[in-house]
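Below is one structure, written out as structure tokens; comments come after it.
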Amino acid sequence: MATTQEPKEIAQASGSVIKQMSINNHEQVVFCNDNETGLKAIIAIHNTVLGPALGGTRMWAYNNEAEALNDVLRLSRGMTYKAAISGLNLGGGKAVIIGDSKKIKSEPLMRRFGKFVNSLGGKYITAEDVGIGTKDMEYVKMETNHVTGIPESMGGSGDPSPVTAYGVYMGMKASAKFAYGSDSLEGKKIFVQGIGNVGENLVKYLVNEGAKVTIFDIHEEKLIECAKNTGAIVFKGNDVYEADMDIYAPCALGATVNSDSIAKLKCSIIAGAANNQLEDELVHGNMLLEKGIVWAPDFLINAGGLINVYSELHGYNREVAMSNAQKIYDLTSSILRTAQDESITTIVAAKNIAEKRIAEIGKIKLSF
Ligand code: NAD
């Protein structure tokens, strides 16, 4: 029997969530729970003006629910910008599953999550993110068609990470051209933080081009394996941000570009795969501008994975996906130039383009 206390608590909780949603105008947030499988997930849909909200599912051992909610709200908003700036007819969404993927991830849990995705009727389409692989998407696919990034053996596009890494590489080269006058990365000291699915693929491109690559990851085994496979140097110091580097490539989690790290960084370029690299877009965007560090907007240069899964929705072709990811080079060049010409931060320059597209399409839709 419900106590009189319950409705009040629920009202308070939902009140604060809706308040958080209203800050960046999120459309919908869905909380998912299943005691049998241990599934605790949040799906956030930020904006569907351009199309269904597509964004990966992240599995992470968040310290608490507030942290998970904050992450999914930030990530889903980033997806709106990523799709818009890449010219894709997609909205922005993201999901997080709370828990350690190595401990609680299972087929029943992923299939239960798939049922929740299905219940949204295509308004949200999922894919992989940190802690989630193509095998997991296979389980999700058993319960819903609103999933991308499924294995090639099932007619999908497989792991999007190699295409993401290629796009980051293109964005980094365009940033080098802007900062140094040449896009060659040969001899450049590049620090890759996070040697996961994207990081390791990026390291391969960089080493192939003759860059001096240093790597760091909290998983020591992975780090040693990557160094062995690629010839990159393992970072041995105490503080990543004090390392000697020309280019910093954050490829782990977000918010690593903050007041503390910016004060220490001696690089001239930041270009990496991690989402939401700037802890605070305004404050840290401006700090980078003042310090003369070129920051390649994350949602622009890491869009290769989204470009890849988008093409899965329209009949997958890896060559087309790679060629579309290559366009990140020209777009990055254009945004860096605009930011310089208008004396604005690169994040503002990039967001302006994305917001303009959403506003224009929004007007067309409203006129029907
Ligand atoms: P992943 O889980 O395969 O790799 C992340 C790696 O970062 C792991 O090896 C982990 O051990 C490491 N890591 C975590 N915290 C760290 C820390 N403090 N210092 C050093 N290493 C740390 O994930 P991924 O798919 O390679 O994605 C990496 C980043 O790129 C994420 O922010 C993700 O959201 C973003 N991204 C990925 C894709 C994609 O296609 N996979 C697309 C766009 C953006």
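The values are calculated or read from the model by the stated rules, or taken from the named source; none is laboratory data. Predicted, not measured: the structure shown is a model, and the values here were computed from it. Cβ coordinates were reconstructed from backbone atoms using ideal geometry, including for glycine residues, and neighbour counts include every protein chain displayed. Just so you know, the surface numbers come from the protein's heavy atoms only, side chains and all, with ligands and any DNA or RNA stripped out. Shrake-Rupley method; radii C 1.70, N 1.55, O 1.52, S 1.80 Å.
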Would you compute, from DSSP H runs of 4+ residues alone, the mean residue ellipticity of the chain at 222 nm, taking -39500 (n - 2.57) per run and dividing by the full residue count, rounded to the nearest 500? -15500 deg cm²/dmol
Which value, in Å³ per residue, describes the convex hull spanned by the Cα atoms of region 173-219? 66
Taking only the alpha carbons of region 265-368, what extent do you get along each of the three principal axes, in Å, biggest first? 44, 36, 24
So what's the chain giving for Rg/Rh, alpha carbon basis, Kirkwood Rh from the mean inverse pair distance? 0.97
If r is the Cβ-Cβ distance from I344 to K19 and R0 is 35 Å, what FRET efficiency results, to the nearest 0.05? 0.75
If the reach is capped at under 24 angstrom between alpha carbons, list the lysines near K103, excluding any in the same chain fewer than eight residues apart. K40, K94, K115, K135, K141, K222
Skipping prolines and chain starts, which residues have an amide H placed within reach, meaning under 5 Å, of the one on A127, given they are 5 or more residues away or on another chain? G55, G56, T57, T148
Selection of trypsin sites (Lys or Arg not before Pro), region 180-255, meeting DSSP coil and at most 10 other Cβ within 10 Å: K236
Rh_Kirkwood(region 37-94) over Cα pairs, Å, one decimal, evaluates to 11.6
If one compares the long axis through the Cα atoms of helix 65-85 with the longest principal axis of the Cα atoms of the chain, the angle in degrees, nearest 10, works out at 60
Share of the chain's accessible area from carbon and sulfur, percent, 1.4 Å? 51
Angle in degrees between helix 5-23 and the longest Cα principal axis of the chain, rounded to the nearest 10: 30
Under a 1.4 Å probe, what is the accessible area of the chain per residue, stated in Å²? 45
What are the equivalent ellipsoid semi-axes of region 111-196, built from the alpha-carbon gyration tensor (square roots of five times its eigenvalues), in whole angstrom, biggest first? 36, 13, 11
Convex hull projection area averaged over all views, region 161-356, Cα basis, nm²: 10.8
Starting from the amide H of N47, placed 1.01 Å from N in the peptide plane, find each other amide H under 5 Å away whose residue is 5 or more places distant or on another chain. E27, G92
